[in-house]
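The values are calculated or read from the model by the stated rules, or taken from the named source; none is laboratory data. Keep in mind that this is a model prediction, so the values were computed, not measured. Here the Cβ is made from the backbone with ideal geometry for all residues, glycine too, and neighbour counts use every protein chain on show.
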Amino acid sequence: MLEMSIDSVRVSLMNYQRVVILKEKNSKRYLPIWIGPNEADAITVKLQDISVPRPLTHDLLRMLIDILGATVEYVLISEMAEDTFFAKIFLHSNGEKLEVDSRPSDAIALAVRTGVSIFADEKVLDKVGIFISHDVSNEETEKNNIFQGTEDITPTNPEEIKKMSAFKDFINDLDLDDLGRKKR
């Protein structure tokens, strides 16, 4: 397990899909995860400390966990299969450790509300993590170079390469001019 931080939540200018970009701590490896608009809003609202008049779904989930006397220990981006990410939420309740399957977006939205660490399985990062090879603060983002330096993590199976092409296209369409800036 490798600890991650939320680098940013972005919207593709080409198709308006949302992506949360996690960054491996102590590395320049990033993990882009496509998420729905509601989950993107839920993560962003908390990261930007925006107050909402009524609790959002993830606020309600956090309150229910608290009321039931459980605590969230951490969340884990555990797997990626057939272009779908999987996650787990690890809880502690009544002296027992519990593991709950989750979508990564929901796990991340809960993690930002509870202040717990976000981890990614090393196999997931090896499969789809990307290294940004140029200075991301540079105004002239070189979209075609975003995947430089990933030769050692590129899948060698032709079928895997074909499956991953959608991710490469999506990342290449992102506006990365402010990738290094924090949105808090």
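Only one of these conditions is not met by Thr84: (1) within 18 Å of Ile130 (Cα to Cα); (2) touching a Phe, Trp or Tyr at 6+ places or on another chain (Cβ under 7 Å). Which number is it?
(2)
State the number of residues belonging to the range 89-122 that are within 21 Å of Lys23 (Cβ to Cβ) and without any contact (Cβ under 8 Å) to a residue 12 or more places away in the chain.
1
Which residue is surrounded by the most Cβ atoms within 10 Å (Cβ to Cβ), if the candidates are limited to the range 62-113 and must be out of contact with any Pro (no Cβ under 9 Å at 6 or more places or on another chain) and closer than 15 Å to Val45 by Cβ?
Ala109
Return yes or no: is Ile65 farther than 26 Å from Leu125 by Cβ, modelled with pLDDT of 95 or more and part of a helix (DSSP H, G or I)? Step through it out loud before you land on a result.
On the way: farther than 26 Å from Leu125 by Cβ: yes; modelled with pLDDT of 95 or more: yes; part of a helix (DSSP H, G or I): yes.
For Ile65, the condition - farther than 26 Å from Leu125 by Cβ, modelled with pLDDT of 95 or more and part of a helix (DSSP H, G or I) - is met.
Could you please let me know if Ser78 is touching a residue at least 60 places away in the same chain (Cβ under 8 Å), of a type in the set (Ser, Thr, Tyr) and closer than 22 Å to Ala120 by Cβ? Break it down stepwise before answering.
Working: touching a residue at least 60 places away in the same chain (Cβ under 8 Å): no; of a type in the set (Ser, Thr, Tyr): yes; closer than 22 Å to Ala120 by Cβ: yes.
Judged against the criteria, Ser78 is not a match.
Please pick out the residue among Ala107, Ala70 that is closer than 22 Å to Arg29 by Cβ and of a type outside the set (Phe, Trp, Tyr). I'd like the intermediate steps shown before the answer.
Working: Ala70 fails: closer than 22 Å to Arg29 by Cβ.
Result: Ala107 is the single residue among Ala107, Ala70 that is closer than 22 Å to Arg29 by Cβ and of a type outside the set (Phe, Trp, Tyr).
Of all residues in the range 33-50, which are part of a strand (DSSP E or B) and surrounded by fewer than 20 Cβ atoms within 10 Å (Cβ to Cβ)? Give the steps one after another, and end with the answer.
So the first thing to find is which residues in the range 33-50 are part of a strand (DSSP E or B), and the list is 33-35.
Trp34 - this is the single residue of the range 33-50 that is part of a strand (DSSP E or B) and surrounded by fewer than 20 Cβ atoms within 10 Å (Cβ to Cβ).
Report, by residue number, each residue of the range 78-99 that is basic (Lys, Arg) and in contact with a helix residue (DSSP H, G or I) (Cβ under 8 Å, 6 or more places away or on another chain). Talk me through it step by step, then tell me what you get.
Start the filter on the range 78-99 by keeping residues that are basic (Lys, Arg), which leaves 88, 97.
Answer for the range 78-99, where residues must be basic (Lys, Arg) and in contact with a helix residue (DSSP H, G or I) (Cβ under 8 Å, 6 or more places away or on another chain): just Lys88.
Search the range 3-31 for residues being surrounded by fewer than 18 Cβ atoms within 10 Å (Cβ to Cβ) and touching a residue at least 40 places away in the same chain (Cβ under 8 Å), and hand back the single one that is nearest to Tyr74 (Cα to Cα). I'd like the intermediate steps shown before the answer.
Here is the first cut: in the range 3-31, the residues surrounded by fewer than 18 Cβ atoms within 10 Å (Cβ to Cβ) are 3, 5, 11-17, 25-28.
Next, from what is left, pick out any that are touching a residue at least 40 places away in the same chain (Cβ under 8 Å): 3, 5, 12-15, 17, 28.
Values: Glu3: 10, Ser5: 12, Ser12: 28, Leu13: 32, Met14: 33, Asn15: 32, Gln17: 26, Lys28: 22 Å.
Per the criteria, the residue is Glu3.
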